[in-house]
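Since the structure comes first, as structure tokens, the remarks are kept for the end.
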Amino acid sequence: NQRNLGNGLVVDAPTFGTLPAFALSHMATVGVRHGISNHGAAQNACFSDGARSYALRLAAELGGEASIKCAQLGTRGVPGPRPMESGVSMQVITDMRTTIEALGGSTDVTRPDRTVAEKALSASYTMSAQNLFKSPVMTKQLGEGYDAAIETLQQPVRQFSFADLATAYGLGATATSENSFASQMAAAELMITSGTNVAVAMDGGWDTHGDRAGTNVRNMMTQRILPGLRTFISRMVNAPNRNVVVAIMGDFARSLPGSDHASAMSATVIGKYVKVGTTG
């Protein structure tokens, strides 16, 4: 069940070993010995330093003109604190249809004019500004959402074909909600195409105690994760004029022999400028 990719990198043949050839020749693993075997603490440590979000810091540093530079795809929350970084907030994207409409890609003539909608939101924001930022969490996030929505409507129209996107990822013609990993990958493509710097897709249910042969994990990878991931890698990672890097990780690895909580992990990184190898 092993596939040796060279330079010390060995992957699980039935799962990662079936990724597109380009991925297998541009893949590396980065070992992280964080010393944590508790789910919550490990997840927080993977995404923040305890006060600031790594995803938001990266999105802010990459710059660009996109109105949404950092996105959480689906309803499963990104762990750790998420304060704004240099004006960049993390926006939750749960339905691709509303995002396409906000970006101007919808042909539905019943939708409000984008200029009118932007002016209405701006007026509402001005009237509510004094109260929006009184709460350090809930209304503050609402205020950040206003900022992103207004800036999105001010951006030039971007045309998208959801039919093409849905076909590529095996989704229904009207299945715009992000309720599967494949739909999250489709949403990642949508957001990156619109200029988003960092898109995070979370998946749950991986606490696989007793999975001694790895059968449960292989089945979940094969059925839930790999179809959408393969499509995304094929369409986005080797695309011209764009440098898309995929990082795959859990909160920690599983210990032998009982597939319990280990206190370290390996992050898999795939990208056109990644050299095959491993840090161990």
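The values are calculated or read from the model by the stated rules, or taken from the named source; none is laboratory data. Note that the coordinates shown come from a computational prediction; the quantities given were computed from them, not determined experimentally. Cβ: placed from backbone, ideal geometry, glycine included. Neighbour counts: every protein chain shown. To get the accessible areas, we keep the full protein, side chains included, count just its heavy atoms, and leave off ligands, DNA and RNA. Shrake-Rupley method; radii C 1.70, N 1.55, O 1.52, S 1.80 Å.
Note down the nm distance, to one decimal, between modelled labels 7 Å out along Cα→Cβ at Ala51 and at Asp203.
3.5
Rounded, prolate or oblate for the range 222-280? Axes are the square roots of the Cα gyration tensor eigenvalues, ordered a ≥ b ≥ c, and the cut-off for rounded is a/c under 1.5.
Details: a/c = 3.43, a/b = 1.77, b/c = 1.94.
Judged from the Cα gyration tensor, the range 222-280 comes out oblate (a/c at least 1.5, b/c at or above a/b).
For Val116 paired with Ser86, estimate the spin-label separation in nm (one decimal), with each label point 7 Å from Cα along the Cα-to-Cβ line.
Taking the two extended label points, one gets 3.8 nm.
For the range 1-99, what D do you get in µm² per second when you plug the Kirkwood radius from alpha-carbon pairs into Stokes-Einstein at 20 °C and 1.002 mPa s?
On the way: Rh = 16.4 Å.
Translational D for this selection: 131 µm²/s.
Share of the chain's accessible area from carbon and sulfur, percent, 1.4 Å?
Working: 7660 of 14470 Å².
Carbon plus sulfur share of accessible area: 53 percent.
Enter the mean projected area of the convex hull around the alpha-carbon atoms of the range 189-229, in nm², rounded to one decimal. Mind showing how you got there, number by number?
Values: hull surface 14.3 nm².
Mean projected area for the range 189-229: 3.6 nm², to one decimal.
What is the magnitude of the charge dipole of the chain about its Cα centre, with +1 placed on the Cβ of each Lys and Arg, -1 on the Cβ of each Asp and Glu, and no other charges, expressed in debye to the nearest 20? Spell out each step's value before the answer.
Values: 23 positive and 21 negative charges, 98 e Å.
So the dipole magnitude of the chain works out to roughly 480 debye.
Sort 181-192, 6-17 by packing, meaning the average of other beta carbons within 10 Å per residue, with the highest value first. Present the calculation step by step, with values, prior to reporting the outcome.
Values: 181-192: 24.3, 6-17: 15.3.
Put in order of decreasing packing, that is 181-192, 6-17.
Compute the signed sum of charges (Lys and Arg +1, Asp and Glu -1) over the other residues within less than 12 Å, Cβ to Cβ, of Gly87.
Neighbourhood net charge equals -3.
Can you compute the helix-only [θ] at 222 nm over the chain? Use -39500 (n - 2.57) per DSSP H run of at least 4 residues, normalise by all residues, nearest 500 deg cm²/dmol. Could the numbers behind the result be given before it?
On the way: 10 runs with 98 residues, N = 280.
It comes out at -10000 deg cm²/dmol, rounded to the nearest 500.
Roughly what % of DSSP beta bridges within the chain run antiparallel, to the nearest 5?
On the way: 18 of 28 bridges.
Looking only at bridges with both residues in the chain, the antiparallel portion is about 65 percent.
Mind checking the per residue accessible area of the chain for me, 1.4 Å probe, whole number of Å²?
Values: 14470 Å² over 280 residues.
On a per-residue basis, the chain sits at 52 Å².
At a Förster distance of 41 Å, what's the computed FRET efficiency of Gln223 paired with Asn243, Cβ-Cβ distance as r, to 0.05? If you can, show how the numbers build up before the last one.
Details: r = 30 Å, r/R0 = 0.73.
Calculated value: 0.85.
Which value results for Rg/Rh of the chain when Rg is the Cα radius of gyration and Rh the Kirkwood radius based on the inverse mean 1/r?
Numbers: Rg = 20.0 Å, Rh = 20.3 Å.
So for the chain, dividing Rg by the Kirkwood Rh gives 0.99.
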